[in-house]
1. So which lysines can K247 reach, going by Cα to Cα under 21 Å and dropping same-chain residues fewer than 8 places off?
2. At a temperature of 4 °C and a viscosity of 1.567 mPa s, determine how fast the range 16-150 diffuses translationally according to Stokes-Einstein, using the Kirkwood radius over alpha-carbon pairs as Rh; express D in µm²/s, rounded to the nearest whole number.
3. Rounded to two decimals, what is Rg over Rh for the range 176-319 when you use alpha-carbon atoms and the Kirkwood radius?
4. Near K225, which aspartates and glutamates are there with a Cα under 12 Å away, not counting those fewer than 8 places off in the same chain?
5. 5 Å is the cut-off here: which amide hydrogens, built 1.01 Å from N in the peptide plane, fall below it relative to D251, excluding neighbours closer than 5 in sequence?
6. Based only on Cα atoms, what Rg/Rh ratio does the chain have, Rh being taken as Kirkwood's radius?
7. When ligands, DNA and RNA are left out and all protein chains stay put, how many square angstrom of accessible area per residue does the chain have with a 1.4 Å probe?
8. Check cross-link reach from K34 to the aspartates and glutamates: straight Cα distance under 13 Å, and skip same-chain residues fewer than eight apart.
Amino acid sequence: MSEGSGFTSMAGARAEGDAPEIGVGMLGYAFMGKAHSHAMLNIAHMMYPPPAVPRLVGIAGRDEQAVAEAARRYGYSGYYTDWRAMLDNDDIQLFDNGGPNDTHAEPCIVAAEHGKHILCEKPLARTADEAQAMLEAVQKAGVKNLVAFNYRFVPAIRQIRKLVDSGLLGQIYHFRAVYLQEWVMAHYDLPMIWRLQKSAAGSGALGDLGAHIIDLGRYLVGEVKSVAGTTRTFIEERPQDDGTMGKVDVDDAFTALLEFDNGALGTVEASRFAAGRKNGLRLEINAEKASIVFNLERLNELEIFWVGDEPEEAQGFRNVLVSEPSHPWWENWWPQGHIIGWEHTFVHEITHLLDCIVNDSAVSPIGADFVDGYRNAVICDAILEAAASRRQVDCVYAA
Ligand SMILES: NC(=O)c1ccc[n+]([C@@H]2O[C@H](COP(=O)([O-])OP(=O)(O)OC[C@H]3O[C@@H](n4cnc5c(N)ncnc54)[C@H](O)[C@@H]3O)[C@@H](O)[C@H]2O)c1
C-alpha cells in the first residue's frame, strides 16, 4: 500500500496470504474502540497488499456483559474485564488504547513493559509529566508507538504537508485553526461526564479538540516556541449520577497564540460552545507563494490560492479535489472523485503503524509518535499556564 508519490516506506508487494498477522488487544469499546476496530477489519480488504493483517485477539472493558457484546459485535476472539490480564496474553503484539485520558498512562506503560507495540488515543496523557513517563517507557522497551492524531491521515492534510516539504509554498507566515463543537451547551442537558473532569480528562476543549489542531500546526508548520492563551468554563456545575451537582473543572473553550520556531505566527481556538458547529475543524495557512484552506466538513478538498498565478482580474482561491491516484493513500480506494470519509483516516493510520512494525520504520513524521504526543502535552500545559498567569509562556521540551 502506498500513500502516493514521494513516499516509499510502505511494505512491498506481497499477497495477502503472505502478510504477517499482528494480534491486537483493545482497551475501550465505545466511540474510539468502535472506530479503530472498524478500521482494522478494513485493512486487508482495501489497503492491498497490507503490510500486516490485524487479528482481533481481545478487547477489555469493565462491564462483562457490555464488553462481551462488544467482542462479538466487533469480531474479537476474546474479552477481558481486566486490561492487565489482556496484556499478559502473548498472542497480542499491538495494544490499542481507546480508553478515557486517565486510562492512557498506566496501561500503556505496562504494555511497553510487556514488549507490546502501542497505539494510544489522543491526547497522549493528562499532563506533560504523565506523557513523559509514557515516552520513557516506550523508548526503554524499544516498541513502536503512535498517538492517534488521525487528522494527519486525511489525504488532503498529508497533501498540504507534501506541498510544504516541496518548498512550493515558500516561507509560512500564518497558521490559523479552529476546532468547534456544540454538544455540551445548555440545550443538550448534559450531565457530568469524564470529559468535563480534570481528574479524568486533564483539560477540556483544549486536550480534546485543541490537541488535534496543535498537532496539525506542528505537523504542517513546525515546532512551537511559546504560547499565550485564555480559557473559559461557561457552565460550571453539572448533575451527577448521585443526584448532587459536580464542579466542571476543565475549560469549555480556549483561544491561544502560538509562536513557531521558524517565525510563523499561529492562532488556535477550540470550543464546545459553538452553536451549530458539530465537528468544525478548519485551518488556513498563509505562505509566501500560496494560501491553503482545509475544512473537515469537506475533507476531500483543499482551497488553494497561488500568488501571481492568474491575471489580476481573475484571481481567487481554486478548489482542488484530493482524490487522484497520485494523492496520498488514494490508490487503495476508489476511482477519482468517489470520495472517502472520516473513518478512513483510521484505516490509513493503523496501516501506517503496522507497516512501521513490520518494516521497523519510523512512525513520525507521517504519524505522530509519543515524542509528538509529549510535545503536544507540553504545549497544552503551557497554554493552561499562560491562561492562569495571563502571560506568554515558553515551551520547554525535555525530549
Ligand atoms: N482521534 C479522535 O478523533 C478521537 C475522537 C474521540 C475520542 N478520542 C479519544 O479517545 C479516547 C476515548 O474516547 P471515547 O470518545 O472513545 O470515549 P468513550 O467514553 O466513548 O469510551 C471510553 C471507553 O473506555 C472504557 N473505559 C473507561 N474506563 C475504563 C477502565 N478503567 N478500564 C477499561 N475500560 C474503561 C469505557 O467503558 C468505554 O468503552 C479519549 O482519549 C479521547 O480523547 C479521539
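The values are calculated or read from the model by the stated rules, or taken from the named source; none is laboratory data. On a predicted model such as this, the values are computed, not experimentally measured, just so you know. For the accessible areas, the whole protein counts, side chains as well, though only heavy atoms, and no ligand, DNA or RNA atoms are used. Shrake-Rupley method; radii C 1.70, N 1.55, O 1.52, S 1.80 Å.
1. Of all the lysines, those that pass the test against K247 - Cα under 21 Å, at least 8 places apart if same chain - are K198.
2. 87 µm²/s
3. Details: Rg = 18.3 Å, Rh = 16.9 Å.
For the range 176-319, the value is 1.08.
4. The reachable aspartates and glutamates, counting only those whose Cα sits under 12 Å from K225, are E259, D261, D394.
5. G204, A205, L206
6. Working: Rg = 20.9 Å, Rh = 21.8 Å.
My calculation puts Rg/Rh at 0.96.
7. Details: 16820 Å² over 399 residues.
Ligands and nucleic acids excluded, the result is 42 Å² per residue.
8. E69, D96, E121, E343
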